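K.L.:
Shown below is the structure under consideration.
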Amino acid sequence: MDRCIVLVDAGYLLGAAASLLAGEPSRSRITVDHTALIQGLRERAESDTQQPLLRIYWFDGAPDRVPQPEHRRLRVMPRVTVRLGALTRSDGRWAQKGVDAAMHAELTELARNRACSDIVLVTGDGDLLPGMMAAKEHGVAVHLWAVQAADNNYNQSEDLVAEADERRVLDRAWITQAVRAKELTGVCAPPPAPRPEIAAILSAPLPESALAAAAERTAGEQPHPAPGPGRNGSEERGAAVKGVPTPKDLAALRAPGPQPAQPPASATLRWSSDKGWVDRPAAEPPEAASMPTLAQLTTAEQRWADREEDITTVGGDPYEVGQVFARRWVERLGDQSHLQKLSAMYPRVPHRIDGELLRYAARFGLLAHKDDQIDEHDRYAIRAGFWREIGVRTTTEPTAAGG
């Protein structure tokens, strides 16, 4: 068949691009415009091979083979197929498992079935040499593309280079059309870009009930004495200032009046509730407990359509995920009085709905696999998107609910 296919080893392409632009192969050091990158690959492949593109196969690793947000965006693009191997952590480093084997199998199968006349390989791994040789034996022309090496040396297997029919180097000018290095201000990775809608959640005023309860506790409590040095200085280490603020740190900044060194034993910080330490009630207020969950509002047909939309349309950005969830909940809500009650609870999301929201978000690969928890910044973004959509759909939008 007179058409071309591109097989991309994402680990090689993006790792080599990071080395070239940021000085180290960590993909966290670069920002990728996947739409521009895919378009660039397509145009270059059709130009080099003089054949129309059939498909781009994107091979990458993911923890537990769960598609990450970037994979979800890629797999709904025209002419793009995503193949995932496992991503495992060993000795403090992430390593792909099964990606090379998947590329080898796809390469030989495409050549054996004569699905194309030209195959473009974007990889540097010599393990693909047998697959390249098999493809050539089936009459397929093999084009090998490299990313310009940071040290102007080879970053590919020399045997792979020698066996290729054609070879091209993707230079810095081509790479920077879709990839750029992140600017670092220190030795640590840069913090996420500020989002005004998240800042609005953090700065929302406390409801009157929470203010009254906080004032009563402050009046009736005496500051705890500073902890003394314990065995091996454990207390002293526990009191050390951390580089990244914890929920407790944020609560201490937000709560009014003088603060005790430790929170009251009966108090707890609720991320989906008011800012500050609040007493956890024995049960949710009746208006919150009576609110239906999205699962209760969703029919079997709608559940199928939701899953289809999640797979084909929703990219997995945390803010977008919160908006999608809220849109479905509001559109299926029969009793609109629940919507007004929910709006009045801003910024607290009722516990039942909040738990369902976070479980829904976990489908999109937003779990931080260290602890199988969603990153706190992502949690803020999910809830900010939720409140933004609720605000748009109510007569009186919650104060500063996402700008």
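K.L.:
For region 165-197, name all the residues that are modelled with pLDDT under 90, in contact with a helix residue (DSSP H, G or I) (Cβ under 7 Å, 6 or more places away or on another chain) and either outside any loop (DSSP other than H, G, I, E, B) or exposed (fewer than 10 other Cβ atoms within 10 Å of the Cβ) (or both).
P.N.:
197
K.L.:
Could you grab me the full set of residues in region 1-56 that are of a type in the set (Gly, Ala, Ser) and more than 28 Å from the chain's Cα centre (by Cα)?
P.N.:
Our first condition is that a residue be of a type in the set (Gly, Ala, Ser); within region 1-56, this holds for 10-11, 15-19, 22-23, 26, 28, 36, 40, 45, 47.
Once the filter is applied, which keeps residues that are of a type in the set (Gly, Ala, Ser) and more than 28 Å from the chain's Cα centre (by Cα), region 1-56 yields 45, 47.
K.L.:
For region 333-362, enumerate the residues that are over 23 Å from the mean Cα position of the chain (by Cα) and under 29 Å from residue 66 (Cα atoms).
P.N.:
Of region 333-362, the ones over 23 Å from the mean Cα position of the chain (by Cα) are 333-348, 350-352.
350, 351, 352, listed by residue number.
K.L.:
Tell me, which residue of region 58-68 that is without any contact (Cβ under 8 Å) to a residue 60 or more places away in the chain and surrounded by 19 or more Cβ atoms within 10 Å (Cβ to Cβ) is farthest from residue 143 (Cα to Cα)?
P.N.:
Selected residue: 61.
K.L.:
Picking from 141, 146, 150, which residue would you name as being in the same structural domain as residue 18 (by TED's automatic domain parsing), of a type in the set (A, V, I, L, M), modelled with pLDDT under 95 and surrounded by fewer than 22 Cβ atoms within 10 Å (Cβ to Cβ)?
P.N.:
Only one candidate qualifies: 150.
K.L.:
What do you reckon, is residue 10 surrounded by 20 or more Cβ atoms within 10 Å (Cβ to Cβ), under 16 Å from residue 120 (Cβ atoms) and not β-branched (Val, Ile, Thr)?
P.N.:
Spelling it out, residue 10 is indeed surrounded by 20 or more Cβ atoms within 10 Å (Cβ to Cβ), under 16 Å from residue 120 (Cβ atoms) and not β-branched (Val, Ile, Thr).
K.L.:
With at pLDDT 85 or above and charged (D, E, K, R) as the only criterion, which of 100, 91 stands out? Lay out the reasoning, then the answer.
P.N.:
On the way: 91 fails: at pLDDT 85 or above.
Answer to the selection: 100.
K.L.:
Give me the pairs: first residue in region 1-17 and touching a residue at least 40 places away in the same chain (Cβ under 8 Å), second residue basic (Lys, Arg), beta-carbon distance under 6 Å, and six or more apart or on different chains, which are they?
P.N.:
5/55; 14/27
K.L.:
Residue by residue through region 267-313, note down the ones that are surrounded by 14 or more Cβ atoms within 10 Å (Cβ to Cβ), modelled with pLDDT of 80 or more and part of a helix (DSSP H, G or I).
P.N.:
Residues satisfying the conditions are 294, 297, 302, 306, 310.
The values are calculated or read from the model by the stated rules, or taken from the named source; none is laboratory data. Note that this is a predicted model, so its numbers are computed, not measured. Positions of Cβ are backbone-derived with ideal geometry, glycine not excepted, and every protein chain shown enters the neighbour counts.
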